[in-house]
Amino acid sequence: MSDLASLSVSEIRSGLDAKKFSCAELTKACLDKAERLSSLNCFTLLTPEHALKEAYAIDALIKQGKSAPLLGVPVGIKDVICTEGVRTTAASKILGNFVPPYDATVVRRLKTAGAVSIGKLNMDEFAMGSSNENSAFGPVKNPWNPEYVPGGSSGGSAAAVAARICPITLGTDTGGSIRQPAAFCGIVGLKPTYGRVSRYGVIAYASSLDQVGGFAHNVKDCALVTQAICGEDPNDATSAKRAVPDFTKALGRDIKGLRIGIPKEYFVSGLSPEVSEATRKAISVLEGLGATTVEVSLPHTDVAVSVYYILAPAEASSNLSRYDGIRYGHRAEGQLDLKSIYSKSRSEGFGKEVQRRILVGTYVLSAGYFDAFYVKAQKVRSLIVKDFTDAFASKCDLIVAPTTPTPPFKLGEKSSDPIQMYLNDIFTIPVNLAGLPGMVVPCGMSPSGLPIGLQLIGRPWDEETLFSVASAYEGATEWHKKAPALAA
């Protein structure tokens with residue numbers, strides 16, 4: 001096989017079991033490809049020694065006849081997820097030398113499933129961004145066209161899969177940070193229901209919104225990585241005590257008669273014609289497979305961005321207060337008093353976007369403004385949850401919508417206008433505020449050859465329906481088979 005790094009999980013598993021190649025050979029191929037495509041800046045750190053040590057151990061297990069869905073499969077880990085003995089920075093200078101003494105639960109579960117980590121993936125600093133331009137390691141570039149953004153904050157995770165460097169990666173999604181990069185890079189990505197996956201060992205941005213999920217070439221691979229990381233964790237009080245279904249059993253199900261809600265608030269002025277057309281064509285495909293469509297209303301969509309940029313910065317202000325130059329993280333040099341240590345360490349360690357959100361969050365939590373901003377935003381969040389609850393209760397089984405208002409935009413195009421950057425998440429943020437599962441599958445290409453993604457939104461804990469619909473759509477189309485030229 002000429003390009004082992006481009007294989008899917010199923011192809012890897014069958015190839016390893018048939019002794020067509022070894023896990024070590026596969027791991028070396030992925031590491032070599034990461035080096036060859038280093039100009040994309042997908043990784044903050046490659047870990048060849050760790051990876052090859054794990055690979056040789058996996059080869060020994062395979063010789064003993066061992067098998068598992070992810071045994072020997074190379075993965076990349078977003079650099080906001082702790083990895084024992086491997087630097088974890090959240091793409092920030094303030095954590096530039098942080099080496100965790102333990103693995104995050106999701107990393108431990110991937111290791112238990114037999115996956116081999118090849119390195120840490122670039123991202124927007126502390127997961128704050130929609131373009132992966134807010135990284136202390138520099139921007140990630142879109143594999144389809146390096147002049148364009150890959151989406152954020154999990155840009156490195158999405159770009160590495162799209163470039164066929166490794167078949168699956170982990171990312172996090174606080175306001176769209178899995179789904180938007182998946183759409184921009186033409187791959188599959190899933191944000192599970194809040195509480196479905198442990199956040200233990202994930203460096204916090206906004207604790208009531210953050211959720212770990214996977215990226216993959218195709219729906220089946222996404223189901224496999226999701227299966228591996230889900231489940232209750234006693235180390236995370238927000239992880240739910242719920243049985244984890246076998247998501248692969250949802251693949252290939254007949255979707256005839258399934259009710260698909262089309263939110264009228266998502267097809268408004270500001271939605272680019274190419275995204276609108278690709279989304280509507282995808283909906284037609286689902287109708288051709290036997291699903292029925294009905295218009296639904298999510299009336300508080302237009303205020304979701306405002307609510308998010310009160311609540312998320314408020315939580316960030318609290319979570320990031322621990323990085324003070326005293327307890328751990330970057331500390332400014334010189335003989336300084338306590339106040340100066342705090343201010344200088346944080347101003348040196350945090351980038352501009354992180355500083356902006358900390359300031360916003362501190363403001364909305366301050367005396368005199370708490371009720372006017374934070375409390376009111378929480379009340380409106382409840383209304384957003386009710387919008388989805390009402391739609392699912394009476395009209396539909398899932399919701400299908402655009403992922404982003406536009407196809408990928410150029411590097412630097414929106415970096416000087418934070419409001420325009422924030423509005424890019426208008427269709428993904430409501431899902432996080434409501435704690436729902438959201439999935440993206442590729443559904444088209446723009447006239448300039450850039451990917452467009454279709455967003456599927458499910459009821460709480462109903463990832464199975466998302467997988468069944470995504471699988472049916474994938475089986476009826478060819479978009480998932482397309483790859484950037486440089487991936488060859």
Given the structure, is Phe21 in contact with a Lys or Arg (Cβ under 8 Å, 6 or more places away or on another chain), within 28 Å of Leu486 (Cα to Cα) and of a type in the set (Phe, Trp, Tyr)? no
Hits in region 238-256 - residues which are open to solvent by 20 Å² or more (accessible area, probe 1.4 Å) and closer than 16 Å to Phe467 by Cα: Val244, Pro245, Asp246, Thr248, Lys249, Leu251, Gly252, Arg253, Asp254, Lys256
I'd like to check something: does region 343-365 contain any residue that is within 27 Å of the chain's Cα centre (by Cα), not in a helix (DSSP H, G or I) and not hydroxyl-bearing (Ser, Thr, Tyr)? yes
Name the pairs: first residue in region 54-67 and in contact (Cβ under 8 Å) with a residue 60 or more places away in the chain, second residue open to solvent by less than 60 Å² (accessible area, probe 1.4 Å) and part of a helix (DSSP H, G or I), Cβ to Cβ under 9 Å, at least 6 apart or on different chains? Glu54/Cys23; Glu54/Thr27; Ala55/Cys23; Ala55/Ala24; Ala55/Leu26; Ala55/Thr27
What helices (runs of 4 or more DSSP H), lying completely within region 390-478, carry at least 1 residues that are of a type in the set (S, T, N, Q) and crowded, with 22+ Cβ neighbours inside 10 Å? 429-434, 463-476
Against the definition (of a type outside the set (Ser, Thr, Tyr), farther than 21 Å from Gly351 by Cα and touching a Lys or Arg at 6+ places or on another chain (Cβ under 6 Å)), how does Leu121 come out, yes or no? no
Test Ala183 against the criterion of being on the phi < 0 side of the Ramachandran plot, out of contact with any helix residue (DSSP H, G or I) (no Cβ under 8 Å at 6 or more places or on another chain), hydrophobic (A, V, I, L, M, F, W, C) and open to solvent by less than 10 Å² (accessible area, probe 1.4 Å), and give yes or no. yes
Kindly evaluate Leu450 against the criterion of being in contact with a Gly (Cβ under 9 Å, 6 or more places away or on another chain) and of a type outside the set (D, E, K, R). yes
Checked Arg199, Arg259 against criteria (open to solvent by 30 Å² or more (accessible area, probe 1.4 Å) and more than 29 Å from Thr89 (Cα to Cα)); the one match is Arg259
For region 93-107, the count of residues that are buried (at least 23 other Cβ atoms within 10 Å of the Cβ) and not aliphatic (A, V, I, L, M) equals 1
Failed item in (1) charged (D, E, K, R); (2) surrounded by 15 or more Cβ atoms within 10 Å (Cβ to Cβ); (3) over 30 Å from Pro402 (Cβ atoms), with Arg357 passing the rest: (3)
Looking only at region 290-319, which residues are part of a strand (DSSP E or B) and either touching a residue at least 60 places away in the same chain (Cβ under 8 Å) or touching a Leu at 6+ places or on another chain (Cβ under 8 Å) (or both)? Thr292, Thr293, Val294, Val296
Which residue, of Ala29, Ala34, Ala24, Ala60, is touching a Phe, Trp or Tyr at 6+ places or on another chain (Cβ under 9 Å), at pLDDT 95 or above and more than 16 Å from Ile168 (Cβ to Cβ)? Ala24
Could you pull out the residue among Leu52, Leu110 that is assigned to a helix (DSSP H, G or I) and surrounded by 18 or more Cβ atoms within 10 Å (Cβ to Cβ)? Leu110
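The values are calculated or read from the model by the stated rules, or taken from the named source; none is laboratory data. For clarity, every value in this text was computed on a predicted model and none was experimentally measured. All Cβ positions, even for glycine, are placed from backbone atoms using ideal geometry, and neighbour counts span all protein chains on display. Protein only, heavy atoms only, side chains kept; ligands, DNA and RNA dropped before computing areas. Shrake-Rupley method; radii C 1.70, N 1.55, O 1.52, S 1.80 Å.
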